[in-house]
Amino acid sequence: MRNYKFYKYKKFLTPYLFLLPGLIMLSLYFFWPIINTFRLVFYRYTILSPPQFTGMANINRLISDAHYWNALKNTVVYSLIVVPSLIVIPLIFAGLLNQKLKFIQLYRVGYYLPRVMSLVVVGVIWKYIYQSDGLINMVLKILGLSPIGWLSDPSLALVSVSIVTIWVATPYYMIIYLAGLQTIPKTLIEAAKIDGAGYFQQVWHVILPLLKHCILTVTLVSTVNAMRVFGEVYIITEGGPGGATDVLTHYIYRTAFSRMQMGYASVIAATLLLLLLIISIMYIKLFTGREKRA
Amino acid sequence: MRNNSIVNNFVRHLCLILILLLVLMPFFWLIATSFKPMSERLFTIPPRLIPLEPTTGNYREAFSLLNMLRSTMNSFIITLSAVALNLFFCSLTAYPLSRMNFPGRDIILYIILASFMIPVQAIIVPLFVLIQGQGLVDSYIGVFLPLGITAFGIFLLRNAFLDVPGDLEEAGRVDGCSEFKIFYRIMLPLIKPSLAALAILLFVTYWNEFLWPMIVLRSLEIQPLQVRLVNLSRGLFGADWRVLSAAAVLVTLPAILFFFIFQRFFISGMMEGALKE
């Protein structure tokens, strides 16, 4: 009898024992930092001396900090450029790569290549190409156009950074679309053809509605990724010229690791976390809704 | 009819190749520059893709500036450790979440799902404070330990476990295997392809990571390739595009080789992951 009880007890505990190591890791390096971000909001902390409670001082400073609002504005504008582009361009590429052709696998590998490079390398490449006498302006000159200050013109620099993101991120979303496209039964498209639907009618009335979930996933994932952009900005522009490409993560980095203001950096990070949490709640709603239907 | 389809196929291939060349042009331009000698001007009209007198001098210079052997070793130590930790922690966590019924399972699942969306950039300040408190600043372990588990990995492996037929672990139980033995001896071998896919995807991710190692590692001797490239691009050689291009090629080469060897896993593995999500 005792043996049986022990067995039941062990059976009850088993799943939690499996979960324990992973949950410790997640708590330590994930959940605790998130909580600590919101705690540090109320402290002045320079790493050199212990945190000092300052109440609402950081928050008050944030509200009147023009650099913060500029970084937030830039993050939003950047997202508004990048997200729609990453919904459309990878879909077109996925369509191109979904054809039945010889060597199509080879093309897929080629189109995926930008994704394999690190953001440091990508940043170096594009910084070079964007130079005032760089590759793009050379091509413009040959076409008889006047050169453009890709990185020096404050009204253009953020667009230039966005182009880099679109270049490096397209392969990722392309694969998501490609996976979606391959689930569409050929018979559906054949049926549409027999009903006399042209190519664009097929795309609009058959393919796009079936890709609805893919498009939603791409929208949310690309939004979250846009909110957290760092590498492109850090390597190519360092937030310049004159703060024109300063984004939230870059401002957090500068505040925390150049000026050593950990507390103030945490306020900025907390606003970013809140934005991300809202988006991820939307994602969970979408995800669970889908699982129930499936 | 047959002729028509040959023309049709030719046009399709031509389109795909032209767009591909355009997409990869920045990369070709980087390689071209890396082989150009000091005597050749970079900014010419028209731009020259094939160097007049190709040289490997830039590579020799980049090789020593990056302290290539040492920093490659550092990259491997950090990347492989982080990948190994992920395989361990993610499989242990994913297994009960997919194969067992217990109170609190769905809540744990949703919490992990929510953490999908929180990037290291957003928690980098408290994470650094934590590592500092643990005395792990400027050490390999301080870099790879916090990278040792990912929500993405948990979900990829959970999907893999969900696909395993149910009667297999029953057979193990009848034979008197302990739960851990069932996991280790029966289940893990069955999801080997997914473990491989996860390892490969994470390898490239961690190989390319630079923000976190840049913050944790101060000493040049233990910095990985990406951080050395950042330093190079911000230092004296920041405008020496020939050396910088060569360095960028050297830093990317291992990831690209890795990608070509395992490309099947990347495309089809990622597509399967996307389907099940």
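Points to keep in mind about this one:
- Every test in (1) buried (at least 24 other Cβ atoms within 10 Å of the Cβ); (2) of a type outside the set (Lys, Arg); (3) within 18 Å of residue B:29 (Cβ to Cβ); (4) at pLDDT below 90 is passed by residue A:175 save one, and that test is (3).
- Candidates B:18, B:42, B:30, B:14 - the one that is surrounded by 11 or more Cβ atoms within 10 Å (Cβ to Cβ), within 30 Å of residue A:130 (Cβ to Cβ) and modelled with pLDDT of 90 or more: B:30
- Filtering region A:68-83 to residues that are surrounded by fewer than 15 Cβ atoms within 10 Å (Cβ to Cβ) and in contact with a Gly (Cβ under 7 Å, 6 or more places away or on another chain) leaves nothing.
- Answer residue from region B:248-264, given it is at the interface with another protein chain (Cβ under 8 Å from one of its Cβ atoms) and more than 12 Å from the chain's Cα centre (by Cα) and is nearest to residue B:226 (Cα to Cα) among those: B:251
- From the options A:271, A:255, residue that is within 12 Å of chain B (Cβ to nearest Cβ), without any contact (Cβ under 8 Å) to a residue 24 or more places away in the chain, under 27 Å from residue A:62 (Cβ atoms) and among the β-branched types (Val, Ile, Thr): A:255
- Residue count for region B:202-226, restricted to those that are touching a residue at least 40 places away in the same chain (Cβ under 8 Å) and part of a helix (DSSP H, G or I): 16
- For beta carbons closer than 8 Å, sequence separation of 6+ or different chains, a first residue in region A:194-221 that is within 27 Å of residue A:166 (Cα to Cα) and without any contact (Cβ under 8 Å) to a residue 40 or more places away in the chain and a second that is assigned to a helix (DSSP H, G or I) and of a type in the set (Ser, Thr, Tyr), the qualifying pairs are A:214/A:177.
- Being at the interface with chain A (Cβ under 10 Å from one of its Cβ atoms), crowded, with 22+ Cβ neighbours inside 10 Å and of a type in the set (A, V, I, L, M) is a property that does not hold for residue B:216.
- Residue count for region A:136-152, restricted to those that are in contact (Cβ under 8 Å) with a residue 12 or more places away in the chain and not in a helix (DSSP H, G or I): 6
- The residues in region B:32-42 that are part of a helix (DSSP H, G or I) and of a type outside the set (A, V, I, L, M, F, W, C) can be counted, and the count is 2.
- Matching residues, region B:132-147, being in a helix (DSSP H, G or I) and within 9 Å of chain A (Cβ to nearest Cβ): B:132
- Looking only at region A:29-54, residues that are away from chain B (no Cβ under 11 Å), over 19 Å from residue B:136 (Cα atoms) and exposed (fewer than 15 other Cβ atoms within 10 Å of the Cβ) come to 2 in all.
Conditions tested, residue by residue: (1) more than 10 Å from chain A (Cβ to nearest Cβ); (2) assigned to a loop (DSSP other than H, G, I, E, B).
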{"site": "B:44", "(1), (2)": "no, yes"}
{"site": "B:53", "(1), (2)": "yes, yes"}
{"site": "B:63", "(1), (2)": "yes, no"}
{"site": "B:71", "(1), (2)": "yes, no"}
{"site": "B:77", "(1), (2)": "yes, no"}
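- Test result for residue B:99, of a type in the set (D, E, K, R) and either at the interface with chain A (Cβ under 8 Å from one of its Cβ atoms) or in contact with a His (Cβ under 9 Å, 6 or more places away or on another chain) (or both): no
The values are calculated or read from the model by the stated rules, or taken from the named source; none is laboratory data. Only a predicted model underlies this, so the values are computations on that prediction, with no experimental measurement involved. Note that each Cβ is placed from the backbone with ideal geometry, even for glycine, and that neighbours are counted across all protein chains shown.
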